[in-house]
Structure formats: structure tokens, C-alpha cells
1. Failed condition for residue 248, given (1) closer than 21 Å to residue 160 by Cα; (2) within 22 Å of the chain's Cα centre (by Cα); (3) at pLDDT 85 or above; (4) not small (Gly, Ala, Ser), with all others met?
2. Report the residue count in the range 243-275 for those that are of a type outside the set (Phe, Trp, Tyr) and within 21 Å of residue 119 (Cβ to Cβ).
3. Just the residues that are among the aliphatic types (A, V, I, L, M), in contact (Cβ under 8 Å) with a residue 40 or more places away in the chain and assigned to a loop (DSSP other than H, G, I, E, B), please, taken from the range 164-216.
4. Hey, can you tell me all the residues within the range 210-227 that are of a type in the set (A, V, I, L, M, F, W, C) and buried (at least 23 other Cβ atoms within 10 Å of the Cβ)?
5. When you scan the range 137-169, how many residues do you find that are open to solvent by 50 Å² or more (accessible area, probe 1.4 Å) and out of contact with any helix residue (DSSP H, G or I) (no Cβ under 8 Å at 6 or more places or on another chain)?
6. What pairs come out if I take residues in the range 348-366 that are farther than 22 Å from residue 98 by Cα and pair them with residues that are aromatic (Phe, Trp, Tyr) and assigned to a helix (DSSP H, G or I) whose C-beta lies under 8 Å away, six or more apart or interchain?
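The values are calculated or read from the model by the stated rules, or taken from the named source; none is laboratory data. Keep in mind it's a predicted model, so treat the numbers as computed, not measured. Cβ placement follows ideal geometry from the backbone for every residue including glycine, while neighbour counts extend to all protein chains displayed. To get the accessible areas, we keep the full protein, side chains included, count just its heavy atoms, and leave off ligands, DNA and RNA. Shrake-Rupley method; radii C 1.70, N 1.55, O 1.52, S 1.80 Å.
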Amino acid sequence: MMSNMKKALVVLALAATVSTSASAFVPSSVQKVASLKNGARQMPVATKGATVQSSTGFALSATGGAKEVAAEEPASGGLKETLTIAMYFALWYLFNIGYNIYNKQALNVLDFPWTVATIQMATGILYFVPMWLTGARKAPKLNASELKTLLPIALCHTGVHVGAVIALGAGAVSFAHIVKASEPVVTCALNALLLGQILPVKVYMTLLPIIGGVAIASMKELSFTMLALASAMLSNVSSAARGVLSKKTMSGKKIGENLDAQNLYAVLTAMSTLLLIPMMLAMEGTGFFKAFKGLVAAGDYTNKSLAMLLGLGGASYYAYNEVAFLALGKVNPVTHAVGNTIKRVVIIVASVIAFKTPMSTGSIIGSSIAIMGTLLYSLAMNATKK
């Protein structure tokens, strides 16, 4: 009976919850381009000479607030458009699930989260640099002053990723995602403190179930560790700060050339990689390479299979963020928010199945309440923008 109850609660969460959308890197000056040469719709790109202004709440990692920068729901497009959107969402889910599984598998055998995070971040460079060199994507042009403007945002971007990786290594994947559902709370606090943005009372009221749900899930979490909780919150704070700084430092400014959402993410990825390398060496030294050789010598992995595991983690990390932009460019904020939360629940369920992670009834109830709170938050935030 208890097992059936847990399954029912998970299914209920999957069917009923909605989270926040992902798009802090999408400039508010974007416009939607009707089509590419091959007939497919393109995600928003900055118009020439337009100012760049990132949205306040950030949620590419998973939470924040549905953003007004997302494109309008296509009025028409027929079956082809519907299938294209479905493909983007399916790939978004697939890459995200793959990343969480590959990442956890790597961290289970190589307890070097800073090094793993650096490898994952650097892997993206192998994707976008060849695109820039071949002309498949226009390379951004930035001067020293503009890079300096982006540096604080890159620092926050670094904190988002390394915090999440440490959390995923220190505890269960499901618990890390439950805690990360509380990001709207941090976002609202930083918006008020740093930007003086006071939201309607109904928005703040939606934070109560998020706080309560995460608290219940944490108390009842069978794999709870303080490191996992603290690291997931570091990721939340960094994510919220990244959104606030994006709005505060980039609002009304012209930032380089060809700096659309995808290129901005690529530039921040490159900057974060450079920031992570000395941090990695300071925190973990070169012990990762000795551990790598030890696993191969023990016969647990071959050089190729272990390198492949790390490479797939990095490739899926960058790929799911890239596809998230494409999905965002196709739908309105609420639709993207629905997909983003279902994605979170799917990841939780997939990780429980993949790693056979036990979840108590209290943890399932708490996570359901927290994720339901993000539904209310998302709807309330969208209502304030109308």
C-alpha cells in the first residue's frame, strides 16, 4: 500500500506541477525571426544596434520566473511546427536526463567535483568554437571593457554549475533538484535587496509552499547531507545573482556584436572555464589524474570508457542548455515553464530508477509541495507582467 501511495504521489507531481522558465541569457531586446533558409523557425536574436538586457530571474538551470522575453506562441504552423516543438522538448529532456545520470556516475567513481565541473564546462568549447571558425554561427566580437562587464556574470555562472555538481555528488540527484526548486525564493530576495524590486503580495505568498516543501523534503530525505543542501543553495544563490547582475550591469548597454542568447551563453562558458581552472587546482590539485589512472589500473574502466563517461557528461550539459534556448524560442513563457517543471520531475523519477535511490513518503510529499509552489509562483509572475 505504501509503495502504491508513493507511486501515486510521484505521478501526481509529474502531471500537476509547473516550474519556472529558463532564459536569463536571452536579451529583452530580442525579436523573433520568422524562418531560416531551411524553413525552420529561429530562436530570438538581437537586432543590430539593440541594447542588451537580460531578464531578472534566471532559470536555465531550472528555476527563476517565467520570462517576458520568451517568444509568443506561434499562431499557426500546423503539424510540422508541432513536431518541431515536440522534438526540441524531447531532446531537452533526453540531454538533461543524460547529463544528470552521466554526471552522477562520474562523481560516484571520481570524487573530484571541481575537476569534473571544469571538464564539463570546457567541453562546450569544443562545440561552439568550431562553429565560429567555420562560419556556421557568427562569432561574437567583444572588447576588454565589455568582457569586464560580463566578468561578474561569469563568476555567478561558475557558481551555478560547480554548486550543482558538488550537490549532485554529495547527495541524491533527486534531493539536489528538490532543493534547487527553491531558487524563486532567493531570486525574490536578491531582486528586493539589489534592485529594489517589490513584487505583489500574491507572488510572495507563493514562496511559502516552496519553502515549506523543501523543508519537509530535507527533513525526510533518506540521503540528506549538509554538503548537498549547502551546495544546491550555492547554485541557487549564484543563479539568482547572475540574473540580477545581468539586468543591473547590461540594461541599456550595447554589448558587442553578434551577441545573441546562444553566443552569450558560449562566451560565459569560455570565461567560466578560465575561472574554474585555477579554482580546480586550488581545491583539488592534480589528484583527479591519479584517481583516473587508479580506476583504469584496477580494471573498473578503460581509458576510453572513463574518458567517454566524462565527455558525455560535458556534451550533454552543453547540449541541454543549447536545446533549451531553441525550445524557449518556440513557445510562450507559461508553456516553457510547464515543460521545465515536468522536466525536473522526470529527472527526479529517472534518477530514482537509474540509481535505485529510496525516497521516503515525506520526501515525495515535500517535493510535490515545493514544485507545486513553483507553479503558483510562475503563474503569479506572469500575471504581474500582463
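1. Going through the list (1) closer than 21 Å to residue 160 by Cα; (2) within 22 Å of the chain's Cα centre (by Cα); (3) at pLDDT 85 or above; (4) not small (Gly, Ala, Ser), residue 248 breaks only (3).
2. Of the residues in that region, 10 qualify.
3. Of everything in the range 164-216, those that are among the aliphatic types (A, V, I, L, M), in contact (Cβ under 8 Å) with a residue 40 or more places away in the chain and assigned to a loop (DSSP other than H, G, I, E, B) turn out to be 172, 181, 199.
4. Selection gives 210, 214, 217.
5. Residues meeting the conditions: 5.
6. Qualifying pairs under 8 Å: 363/175.
Conditions (1) out of contact with any helix residue (DSSP H, G or I) (no Cβ under 8 Å at 6 or more places or on another chain); (2) crowded, with 22+ Cβ neighbours inside 10 Å, marked per residue:
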position	(1), (2)
304	yes, no
307	yes, no
318	no, yes
324	no, yes
329	yes, yes
344	no, yes
350	no, no
364	no, yes
372	no, yes
